[in-house]
Ligand code: DC
């Protein structure tokens, strides 16, 4: 199980892994080209290693040179006579090479893991056979393994059913320049993920092939082969989606790249969707910058047929938005690395989201979200998308995190770099329940807990013990600045002495407001509070009077508790073990301190503009904790 740390606003510049789709397309083109090619900035992950190994089996000399790939092209005919290719779980490797293996000298078997053996290939085999190839589908239900008897790709005209996967069309296009004659490919059915076909065309052209859309469903490829190139692989837009959605959810700014401003990568279709949900997006100089505004996050209805990989992260964003998020026309998600619609339905449901899934659509909202142990369903994109939910819901953990290696081995390191610790600020007057609620919330979330009132009380105790006048700013400041104080869950150390039993005395209570109003005292203790939080990367609940306004003004999770004065006094009396007759005296004392704290010049007690107000008068401590936990997870949205 890998715990996911929840995050405050994001501040990061992410260097994306190379595009998987482009890397595997360019590898095939370079392997068929004449001459030695170099791919600069390719993806190094399971799916591209699968392609590299497979090309080696086909007799191509291809290998890593530092971070680049060098490929000695086979000039349109793979040397291998007999080979068995293990495409592992890589759909692009298996499909692209089903077509390209028709250009090998002998019989090539293409197989993969149990997941690949459930992914379709029959429509591709039938179209290739119309082009003179001899491809047998040997697996169950039109799936892998396939056996390809080469060399046999004459070209000519073929019809391809393109409603299940755009990879079929891409596979035929990639092999077609090396067929004996020109090829005309007619696509039938409603074409899924069309931008991926355009991506294929762009890579082919870069390697010197001639390929055109001749009509809305007709593609023409000229024979003539490929020429070797030095080719720069863009950053992966499918990967970019995760840091971009992270900033959409957590706020702050993220930049990702390199992705050219004229890039045709399909998942860039998510950018306008995130904008319509409330994020600000800008593209310049091959980078995408996103500024997130979590409190504005609004649900959307969107057809994502063109960008199916982006659906998963968008569904997670939908859990945290106001209103429902509806994603339509994405039926082919059911035949990806997992049945992604079913996987989202199950896992987002565990997190408390309300998910409605149909054969080809999904709709999500979240009202009562909660942490859960999440299953990645063996699917890298499910793992990466669900990790984003953990940025907002403290306590999420994931089984099988290693599946991200399929396309982004460094994903979790990127996520760690992206994050800032989440600081939950709990402010309010005395007796309102801050300490009880903060302590319980910190336990529930596994966060550190800092009671800043105890620090001001400890400083006051030290002032009184030293015999100083609380209002003597010069002497008090000098003493407090030099104090050696440490606050933990169950002790307050002043030097080596635990003073936890002394700081709640009436004498300290009577002087604390005056001491805590001194600017030098506040400066010293605020600095100390920020240092304390920096040592708690797991997250922190910090309670006091000015935590949301002054100490952590950038916190995205600000709570201000209130309660009726007589109720606060009654709670204080109980806390202190006093008799009920003391209620009026304690009420007067609280009122005096409230007035002092909220009218002082420096850091007066008041709610931050973006704080959520919670009246605890009628609620039990647990009810307040439940309410505050939801407010934190929802970030006021
Ligand atoms: O929460 P408490 O009653 O223990 O706080 C004691 C006093 O400390 C309170 O009257 C004002 C001061 N205080 C402050 O000025 N700023 C804080 N962040 C916390 C407490």
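Summary table
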{"item": "Ranking of 570, 616 by count of other Cβ atoms within 10 Å, fewest first", "result": "570, 616"}
{"item": "Kirkwood hydrodynamic radius of the range 210-349, Cα pairs, Å", "result": "16.7"}
{"item": "Per principal axis, descending, Cα span of the range 172-256 in whole Å", "result": "54, 36, 15"}
{"item": "Estimated D of the range 412-483 in µm² per second, where Rh is the Kirkwood radius over Cα pairs and Stokes-Einstein applies at 4 °C, 1.567 mPa s", "result": "85"}
{"item": "Over the chain: helical MRE at 222 nm, DSSP H runs n ≥ 4 each giving -39500 (n - 2.57), nearest 500", "result": "-11500 deg cm²/dmol"}
{"item": "Computed over the range 552-628, Cα set: Rg, Dmax in Å", "result": "14.3, 43"}
{"item": "Principal-axis tilt of helix 565-576 within the chain, Cα atoms, nearest 10 degrees", "result": "80"}
{"item": "Cα gyration tensor of the range 311-385 - equivalent ellipsoid semi-axes, whole Å, descending", "result": "18, 15, 9"}
{"item": "Nearest-ten-degree value, helix 237-250 long axis tilted from longest Cα axis of the chain", "result": "10"}
{"item": "Using alpha-carbon coordinates, inclination of helix 91-100 to the longest axis of the chain, degrees", "result": "10"}
{"item": "Model label zone, residue 356; criterion: amide N under 18 Å from point 7 Å along Cα-to-beta-carbon; scope the range 282-319", "result": "299-304, 315-316, 318-319"}
{"item": "Share of pairwise Cα separations in the range 80-146, more than 17 Å, in percent", "result": "31"}
{"item": "Quarter of the Cα convex hull surface for the range 274-407, i.e. its orientation-mean projected area (nm²)", "result": "8.0"}
{"item": "For the chain, share of DSSP beta bridges that run antiparallel, in % to the nearest 5", "result": "55"}
{"item": "Length-normalised contact order for the chain - Cα pairs under 8 Å, 6+ apart - percent", "result": "13"}
{"item": "Compactness of the range 583-628 as Cα Rg over 2.2 N^0.38 Å, two decimals", "result": "1.45"}
{"item": "Rounded, prolate or oblate (a/c below 1.5 giving rounded, otherwise prolate when a/b exceeds b/c) for the range 278-334 by Cα gyration tensor", "result": "oblate"}
{"item": "Calculated over the range 341-407: convex hull of Cα atoms, volume per residue (Å³)", "result": "78"}
{"item": "Descending Cα extents along the principal axes, the range 50-205, whole Å", "result": "42, 34, 30"}
{"item": "Footprinting exposure proxy for 322, 434 (fewest neighbouring C-beta atoms within 10 Å first)", "result": "322, 434"}
{"item": "Zone residues, the range 163-186, relative to residue 149, backbone N less than 19 Å from point 7 Å out along Cα-to-Cβ", "result": "180"}
{"item": "23 Å tail of the calculated P(r), the range 1-136, as % of Cα pairs", "result": "39"}
{"item": "Cα pair distances exceeding 21 angstrom across the range 18-94, given as percent", "result": "17"}
{"item": "Chain lengthening between residue 77 and residue 134 when straightened (0.36 nm per residue, less Cα-Cα)", "result": "18.9 nm"}
{"item": "Between the range 172-242 and the range 109-129, the alpha-carbon center distance in angstrom", "result": "20"}
{"item": "Ranked 180, 234, criterion: other C-beta atoms within 10 Å, fewest first", "result": "180, 234"}
{"item": "Residues in the range 597-627 that a label on residue 444 would reach, taking backbone N under 17 Å of a point 7 Å out along Cα→Cβ", "result": "612-627"}
{"item": "Label-point separation in nm, residue 535 to residue 285, each point 7 Å along Cα→Cβ", "result": "3.9"}
{"item": "Descending semi-axes in Å of the range 450-572, equivalent ellipsoid built from Cα gyration tensor", "result": "22, 19, 15"}
{"item": "For the range 485-530, Kirkwood radius (reciprocal of mean inverse C-alpha pair distance, Å)", "result": "11.8"}
{"item": "Volume of the Cα convex hull of the chain, divided per residue and given in Å³", "result": "152"}
{"item": "Inter-part distance where the range 276-344 and the range 618-637 are each reduced to a Cα centre, Å", "result": "27"}
{"item": "Where labels lie 7 Å past Cα in the beta-carbon direction, separation of residue 70 and residue 397 in nm", "result": "4.7"}
{"item": "Beta bridges per DSSP with both ends in the range 136-251, % antiparallel, nearest 5", "result": "60"}
{"item": "Alpha-carbon centroid distance for the pair the range 453-508 / the range 35-51, whole angstrom", "result": "63"}
{"item": "Projected label distance in nm at residue 190 and residue 262, using a 7 Å step from Cα toward the beta-carbon", "result": "3.2"}
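Bear in mind that the values in this text are calculations on the coordinates, not laboratory data. Since the model is a prediction, treat every value here as computed from it, not as a measurement. Neighbour counts are summed over all protein chains in view; Cβ atoms, including those assigned to glycine, are modelled from backbone coordinates with ideal geometry.
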